[in-house]
1. Does region 149-160 contain any residue that is closer than 30 Å to Gly673 by Cα and either aromatic (Phe, Trp, Tyr) or not in a helix (DSSP H, G or I) (or both)?
2. So, in region 477-492, exactly how many residues are under 15 Å from Leu511 (Cα atoms) and among the small types (Gly, Ala, Ser)?
3. Can you name every residue in region 265-288 that is in contact (Cβ under 8 Å) with a residue 40 or more places away in the chain and either within 30 Å of Phe76 (Cα to Cα) or among the small types (Gly, Ala, Ser) (or both)?
4. Go through (1) farther than 27 Å from Thr455 by Cα; (2) without any contact (Cβ under 8 Å) to a residue 60 or more places away in the chain; (3) outside the structural domain of Ala459 (by TED's automatic domain parsing) and name the single condition Ser55 misses.
5. Return the residues of region 65-83 that are in contact (Cβ under 8 Å) with a residue 60 or more places away in the chain and either in a strand (DSSP E or B) or in contact with a helix residue (DSSP H, G or I) (Cβ under 6 Å, 6 or more places away or on another chain) (or both); say none if nothing qualifies.
6. Out of Asp346, Asp340, which single residue is at positive phi, surrounded by 18 or more Cβ atoms within 10 Å (Cβ to Cβ) and in contact (Cβ under 8 Å) with a residue 12 or more places away in the chain?
7. Return yes when Ser587 is out of contact with any Cys (no Cβ under 7 Å at 6 or more places or on another chain), buried (at least 22 other Cβ atoms within 10 Å of the Cβ) and over 26 Å from Ile57 (Cα atoms) and no when it is not.
8. With assigned to a strand (DSSP E or B) and buried (at least 22 other Cβ atoms within 10 Å of the Cβ) as the only criterion, which of Ile593, Ile554 stands out?
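The values are calculated or read from the model by the stated rules, or taken from the named source; none is laboratory data. In this text, all values refer to a predicted model and were calculated from it rather than measured experimentally. Cβ atoms come from the backbone with ideal geometry, glycine included; neighbour counts cover every protein chain shown.
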Amino acid sequence: MMPGLAVFGILFSPGTASVAETTGTPPATIEAGRDWIPLAAKPWIEPGSALDFSSVIPRHEPAGTFGRVVAVGDHFEFEGLPGVKQRFYGVNVCRDSCTPSTPEAAERFAANLARVGYNTVRVHHHERWLLEKDGNFAGLADYAVPDAECMDRFDDFVHACIRHGIYITTDLYVSRRIPWRDLGIDEEGFAKGARYKIMCAFWEPAYSNLCAWSRNFLTHVNPYTGRSLAEEPALCSIALINEGNLGVYGIDMLKETHGVMEAWEKWCASRNRAGLAFPDRTDDPELARFLADAEMRLANRLRAFLRDELGCKAPISSINRGYSPVQYQLVRQKCFDYVDAHFYVDHPKYIGEQRWRLPSRCDNRNPMRGDRHGVPEIAFRRLLDKPFCVSEWNYASPGRYRGMGGMVMGAIGALQDWDGMWRFAWSAGIDDVEKPETMPMHYWEMCRDPLSLATERAALCLFLRGDIASLSTECPVVLDEDALLDPDGDAPECDAREWRRAAWMAKVGTLVVKGREQAETNKFSADFSTPASQVFAELAARGADKPGNGAVSIDQDAGMILVNTPRTCGGFAEGGRHVAGALEFSSDSPATIWASALDGKPLTESARILVTHLTDLQNTGARFADADRSILLDWGRLPHLVRAGEAKVELKLQCQLPIADNSFRVFALGTDGRRECELPSDWSPAAGILRFTASVRQPFGACLYYEIVRDSPP
């Protein structure tokens, strides 16, 4: 280990400033007390409770009832329900959490996912635990053949998900390690994942290895369904190589990977540019065109393999991370059924010598402040004539603004009319799915973070239930196919940084056409470099100058967002009094507060309403290097602690029948949805207003949820 600076027992790399030099503030430790209230971890949702969304969000059981998922134009449909758009919202299930230890554990897990409201899961980082039940790669006879016992447990989990109406998506390659010698290279040890991903496009033994694993995985017949994954109608989509964009790992990795330089020389020769030096930066236009060609060849080969050899008809995508010059839009247009992307807020930055190890830095900045209004850069990777999915996204822990995540992304996804969204992640291991109540919060795992999990109800209502309508105006960046191939053209990233916030007012993305004159005449288009003032002037001229067509309010200076729809109202604010449609709230601290009707009726007419009040949540003993909590030194332990806070809540409830006083009741809920206690409330029949106080501090401990129920009229 290289010498470094020890701070609080943690090694900082040479050249990294000390904690005091970096932050200028004293360290902070989270402990129970006046400001932090213990929360009882109850991750198993009570059937029929206000947190059981299995009947709140429209669904069908089993998954696959209406036939295969197909891409039709810019959306998904079921073969058996032509003309009806379908959306998917779910979560990543990782590692050995895809292989619960017993059928009973698989059933309990799948049932709980359905009660959250999910209709899909992404099986992810699964290969290692399908090869060997303890996740130990060493000494396997064949690194492309799943273990029979592991596959049986996986089959059980898939079957349980399907029974509960949960569709499956996955990747051909995520993180399976392969011995160098299996790739025809005389070296000890295993090929690293990043290098293997590149080799699949340039080194034939790597491609053959990928096909061998994919054949074994996808054609294995699940004894509980009687079908293989390749023929499973509940397989809603499949990605080729997870985060395998060929330029994302840098120039050095490309140069050092088998087959790349030989391919570069052949490519240059075919373009009468023999002898051209390999680029020294990833934003080089020649590199973008070279890699786009390689991506296209790989995608076409794998598509033919899946369709023709394996009979897998699920929609296909890939190149979902990072490096994304405009030339990659041509690959997405010609090779994929849908576009996929990944996006994070407060993704950790690792300060020490190892990734995935503390200490780590979190920006902890309000995403709604500034002129981008929380819109992810991936919005412009979308092709407006194909479905768009975000198979990984999260507002990561311990970020203090993650309580707004579900509302912001649910609203953006619905307004943009995206087609699928998967949180990363529900779980990282089997303990997360069999005894989540014992697991303290970590970066990603939803089952360990009751606050992040609470935000899912906003996303589910806004995006999957469709509480906020999609935008009708489109503002595409039109890309000429010939220009993308022009050897003298440039290669900008697919991101309109200066006018990204237009995604709140119009559908944004790109269109690849053969000649700009073929662009649809009823849309105005812009370039990535078009001045923001020009874009917004065009939008205003078309009556699209209000976020969400008036359903969203944003104050970039205050970092505030409010959402007003008939069935869901609320928002995030740093404090103060705010009105969002039928909901009015006054908060004494930064909080995300919203109300959603649970019976499908407008809030003003609903007989059952869920109110959520989120401040912040950390582990007991979580230790930070600074008062701003930007550098995490120690995750801490259970119980979870919730930041104390109160909100005065008013709901306008327009009763259509005479209702006696006290006909509304308000209950504080546990995180399993059980009613813990009834709260005092004030119902004013003449004004049609119900008032109560949402307080984190309750007799049973911290509270995140409240249920409002209306008694039947006399």
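1. Looking through region 149-160, at least one residue is closer than 30 Å to Gly673 by Cα and either aromatic (Phe, Trp, Tyr) or not in a helix (DSSP H, G or I) (or both).
2. The number of residues fulfilling the criteria is 1.
3. Result: Ala288, single match.
4. Here Ser55 clears every test but (1).
5. Val69, Val70, Ala71, His75, Phe76
6. Selected residue: Asp346, the only one of Asp346, Asp340 that is at positive phi, surrounded by 18 or more Cβ atoms within 10 Å (Cβ to Cβ) and in contact (Cβ under 8 Å) with a residue 12 or more places away in the chain.
7. Yes.
8. On inspection, the qualifying residue turns out to be Ile593.
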